[in-house]
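The values are calculated or read from the model by the stated rules, or taken from the named source; none is laboratory data. Just so it is clear, the structure is predicted and the values come from calculations on it, not from any experiment. With ideal geometry, Cβ positions are generated from the backbone for all residues, glycine too; neighbour counts draw on all protein chains shown.
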Amino acid sequence: MKLKLDLKFWLWCGVGVLSAVVLAGAGWLIAENRPVDAGVTKRVQIPEGEILSVTAEKLVSDKLVRNPQLFRWIYQFRKGDGNFPSGTFAVPGGMSAWDAAGFFKTARPLDVRVTVAEGLTSNKIARLLEEAGVVSAKNFLDVVSHPQKIGPLGQGLTSLDGRLFPDTYRFPVDSDAVDVAQTFVKTFQARTASWSSKISSDDFQKGLILASIVEREYQVPDEAPTIASVFLNRLDKKIALGSCATIEYILTEIQGRPHPHRIFFVHTQIPSPYNTYLNRGLPPGPISNPGLTALKAAFEPAKTNYLYFVVADPAKGTHTFSSLWSQHEAAKAAYLTSFVTKG
C-alpha cells in the first residue's frame, strides 16, 4: 500500500513539474512574442544571401522583434525553410514575432534586384524591368527613344540603344523611367570611359554599333576580338558585313517575329537599313546592349587578315576563321559534313 502511495505521489509531482515547465514555457513565449515598439515603421535592408540568424539579430537591433531565436523558429515554421527575401522593406512596428514572420512571408520589397544579361535589346530590357515591377516598359522605351529626357547624359544622342549597360542593379519598385535610364547610362559611361575619352563621339558610336553586333555573334569570349577584326577588315575593304545577328534583329525587333532557329537566304533579302547582307557598312544603330567583352573586342580588336568566319563546333560555340573565300568555302563544307555525320 505504501509503495502505491509513493508511486502516486511521485506521479503527481512529475505532473506538477511538467505543468510548471509548460506554463513557464508558455509564459516565455507570450512575453517574447509581444511587440517591442508600437506603430514605428522602419526601413530594413536585407542583402542577397544573408542568413536568417543575421537578419533576426538585425530585427532585434531595430526593435522590431524581441527574441531572435523565437523569430527564427516562427519564420521557419511559417515559411517552411530558412530562405529569407532580400531587398529594402518598410517594416511596421508594433508586430508580434508571429506577425513579423508573416510580414516577411508575403512582403514586397521597396526595391528589387534586376540582372540584365549581355546582348539584350532595349525592348527585352524594358519587359524585364516591367516584370520586376520597376517601371512600365512603355515609359522606359519612351525615354530610350528620347535621350534628351535624361539631360546632359543624353546630349547629342538619338537613342539610348547600346548604352543600357548589362549588370545587376537594385531599383526601387515603381521607379521613374528617367531615373532608371540614367542609372544604366551612368554605369555605361563609367565602364567605357577609357575608350570614349580617347576618340571622337562619332567614332565611339561606330565602335558601339560594332560591339553590339560582336555581342550577338561570339559565344567563346576569346574569339570576340577576332570576330571584331573580321568585321573591321570587311568595312575597310567595303565588303558587306553579312552578319546573321542583324537579320535576327530585323526579324525579332523590327518585324516582331519569333526568334528564328535558322537564317535562310530569303531572310537576307529583307529590305532594311539594318540588313548587313544588302547594305555595306554598319547599320544605323546598335542591335543590342553589349557587355565588356564585346565592347573591348570592338575598341581593342585583334589584328588579323581574316574576312570570314563560320561555326566550327556548335556545342562549343567556336568558329573557323579564313582570309580567302576558298578557305571559307572549305570550312563551311567541313562543318556541313560534320553536321550531317553527327546527325
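Using beta carbons and a limit of 6 Å, which pairs, at least six apart or on different chains, have the first residue in the range 62-85 and over 15 Å from F103 (Cβ atoms) and the second one surrounded by fewer than 13 Cβ atoms within 10 Å (Cβ to Cβ) and modelled with pLDDT of 85 or more?
none
Of the conditions (1) within 17 Å of G242 (Cα to Cα); (2) surrounded by fewer than 18 Cβ atoms within 10 Å (Cβ to Cβ); (3) of a type in the set (G, A, S), A331 satisfies every one except a single condition; which number is it?
It is condition (2) that A331 fails.
Select the helices (runs of 4 or more DSSP H) contained entirely in the range 169-246, then report the ones holding at least 2 residues which are of a type in the set (F, W, Y).
Here the list reads 177-196.
Output the number of residues of the range 138-168 satisfying the condition of being among the aliphatic types (A, V, I, L, M), farther than 18 Å from V116 by Cα and in a loop (DSSP other than H, G, I, E, B).
1
Each row is one residue, and each column tells you yes or no for (1) out of contact with any Cys (no Cβ under 8 Å at 6 or more places or on another chain); (2) surrounded by 21 or more Cβ atoms within 10 Å (Cβ to Cβ); (3) under 30 Å from R78 (Cβ atoms).
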residue	(1), (2), (3)
P109	yes, no, yes
V112	yes, no, yes
L120	yes, no, no
R127	yes, no, no
V135	yes, yes, no
V144	yes, yes, no
V173	yes, no, yes
V180	yes, yes, no
R191	yes, no, no
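Give the range 312-328 a look and list any residue that's within 28 Å of the chain's Cα centre (by Cα) and among the hydrophobic types (A, V, I, L, M, F, W, C), or say none.
A315
Residues to consider are S272, S288; find the one that is at pLDDT 95 or above, closer than 20 Å to I125 by Cα and either touching a helix residue (DSSP H, G or I) at 6+ places or on another chain (Cβ under 6 Å) or among the charged types (D, E, K, R) (or both).
S288
Picking from D179, D174, which residue would you name as being among the charged types (D, E, K, R), over 18 Å from I287 (Cα atoms) and modelled with pLDDT under 95?
Residue meeting the stated conditions: D174.
Does the range 253-276 include one or more residues that are assigned by TED's automatic domain parsing to the domain that holds Q205, under 23 Å from F165 (Cα atoms) and small (G, A, S)?
Checked against the condition, which is being assigned by TED's automatic domain parsing to the domain that holds Q205, under 23 Å from F165 (Cα atoms) and small (G, A, S), the range 253-276 yields no hits at all.
Can you find even one residue in the range 293-310 that is closer than 19 Å to Y218 by Cα, out of contact with any helix residue (DSSP H, G or I) (no Cβ under 8 Å at 6 or more places or on another chain) and at pLDDT below 95? Give the steps one after another, and end with the answer.
Taking the range 293-310 first, the residues closer than 19 Å to Y218 by Cα are 293-310.
Going one step further and asking which of them are out of contact with any helix residue (DSSP H, G or I) (no Cβ under 8 Å at 6 or more places or on another chain), we end up with none.
Within the range 293-310, not a single residue is closer than 19 Å to Y218 by Cα, out of contact with any helix residue (DSSP H, G or I) (no Cβ under 8 Å at 6 or more places or on another chain) and at pLDDT below 95.
Being at pLDDT below 90 and either more than 24 Å from the chain's Cα centre (by Cα) or charged (D, E, K, R) (or both): is that true of A334 here? Give the steps one after another, and end with the answer.
Working: at pLDDT below 90: yes; either more than 24 Å from the chain's Cα centre (by Cα) or charged (D, E, K, R) (or both): yes.
Taking the combined requirement at face value, the residue satisfies it.
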